[in-house]
1. What tally of residues in region 139-158 results from selecting those that are modelled with pLDDT under 95 and not in a loop (DSSP other than H, G, I, E, B)?
2. So if I check each of Gly269, Gly248, Gly256, which one is surrounded by 24 or more Cβ atoms within 10 Å (Cβ to Cβ) and within 16 Å of ligand 2 (Cβ to nearest atom)?
3. Determine if region 47-60 includes at least one residue that is among the aromatic types (Phe, Trp, Tyr), near ligand 1 (Cβ under 9 Å from one of its atoms) and in contact (Cβ under 8 Å) with a residue 12 or more places away in the chain.
4. Given the conditions (1) at pLDDT below 95; (2) surrounded by fewer than 20 Cβ atoms within 10 Å (Cβ to Cβ), and given that Ala35 satisfies all but one, which numbered condition is not satisfied?
5. Restricting to region 259-272, name every residue that is among the hydroxyl-bearing types (Ser, Thr, Tyr) and more than 16 Å from ligand 3 (Cβ to nearest atom).
6. Say whether the condition of being more than 16 Å from ligand 3 (Cβ to nearest atom) and under 16 Å from Ala25 (Cα atoms) is met by at least one residue in region 273-280.
7. Using the structure shown, decide if Val249 is within 16 Å of ligand 3 (Cβ to nearest atom), more than 21 Å from Arg117 (Cβ to Cβ) and β-branched (Val, Ile, Thr).
8. Any residue that is farther than 27 Å from Gly134 by Cα, touching a Ser or Thr at 6+ places or on another chain (Cβ under 8 Å) and away from ligand 1 (no atom under 16 Å from the Cβ) - is there at least one of those in region 239-252?
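The values are calculated or read from the model by the stated rules, or taken from the named source; none is laboratory data. This one's a predicted model, so the numbers in the text were calculated from it and none came from an experiment. Cβ sites come from the backbone with ideal geometry, for glycine too, and all protein chains shown count toward neighbours.
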Amino acid sequence: MRILLLPGDGVGPEVTRAAREILEAAVTGTWAGAAGDVDVTFSEADFGGAAVDRVGSPLPRATLEACREADAILLGAVGGPAWSDVPSEQRPESGLLALRSALGLFANLRPVRVRARGVDFVIVRELTGGIYFGQPRSYESGRAYNTMVYERDEIVRIADVAFREAARRRRHVTSVDKANVLEVSRLWRGVVTAEHGGRPDVALAHMYVDNAAMQIVLRPQQFDVILTGNLFGDILSDVGAALAGSLGVLPSASVGAPGSTPLFEPVHGSAPDLADTGTVNPVGAILSGAMLLRHSGFTAAADRMETAVLAVLERGPKTPDLGGSARTGDVTNAILKHMKTAETIS
Ligand code: NAD
Ligand code: IPM
Ligand code: MN
């Protein structure tokens, strides 16, 4: 298995390094069910602001080729104040959007789990369409606009991902839109409802996005699968992070049609305020690594990683975002230790 690392900017390299350490331990482990016989190779490529500085583009051609050739990608984060005033096609964030689009990664899965409170839902976010990519778009002096557009087929395929996800979980999909105001949401709601016709095993509810933001804060236990578009999914996943106590602990997986290289990345950004302090929370990146293993069929190794992370989240050590005073390396080492010594998988 060839894993390509795209460390990126800010805290990206620090969390990617931590995730790699844990992944290496997971795939070379000797406990029953470990992926010990897998031949895993890691390589790295320039991406984001780091790539802008080195070669003048956030997604160099060689990096995109390496992504296509890899079996899975693990990404840190991109962006930061150093690149906030460059032309928009040279922004690190544009490189990330271009990568998702070029690889056809239309589905972004963002699980939110807070065991103590009975919270366990996954946001299924459409990732290659909507207002992020809609044309026309323009910035002129004194006037700017974007276009929120969805084609029927784009809604069908992401709804299908959500229904399949729900069938493996608690069989409930909440589709989130703004159909009381937006035409694009009325199409969304109609297509999701029609697709649901073929899925009697799964329940479907619709909710407006403003109410959804409140419900996630107030009564998050009601959600199983939240299906939504690109922009709403971006916003609601950070709301979900607040339930977990920190943006630093949320992982994600971006997947496309069969044959496209899947990409795994924490939900958080480059956290410029934490870069090089040694105190960034590595858990979001590490759990993204666990999602990578699970997606690749290494269930036992993924379970082992997740169990170790949960134990450390409960008992500590904790980084400052979760109220502790531990450093990134303390958390990573505690997770490593738990993985190596745990007798059973709980
Ligand atoms: P951010 O996610 O970087 O940070 C938001 C807040 O969460 C900050 O207070 C930060 O310290 C905290 N935080 C984030 N990750 C953390 C972690 N692992 N451990 C502890 N605390 C953590 O979002 P922002 O400040 O709005 O954006 C900063 C830059 O990152 C921008 O350039 C933005 O475009 C970019 N960004 C990139 C990605 C990505 O690469 N996927 C995602 C979001 C934002
Ligand atoms: C995310 C980020 C990205 C997004 C940005 C950096 C382009 O916020 O992955 O949540 O909006 O998709
Ligand atoms: Mn975001």
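1. 2
2. Checking each option against the conditions leaves just Gly248.
3. no
4. Tallying (1) at pLDDT below 95; (2) surrounded by fewer than 20 Cβ atoms within 10 Å (Cβ to Cβ), Ala35 fails exactly one: (2).
5. Correct list: Ser260, Thr261.
6. Among the residues of region 273-280, not one is more than 16 Å from ligand 3 (Cβ to nearest atom) and under 16 Å from Ala25 (Cα atoms), which makes the answer no.
7. Taking the combined requirement at face value, the residue does not satisfy it.
8. No, region 239-252 contains no residue that is farther than 27 Å from Gly134 by Cα, touching a Ser or Thr at 6+ places or on another chain (Cβ under 8 Å) and away from ligand 1 (no atom under 16 Å from the Cβ).
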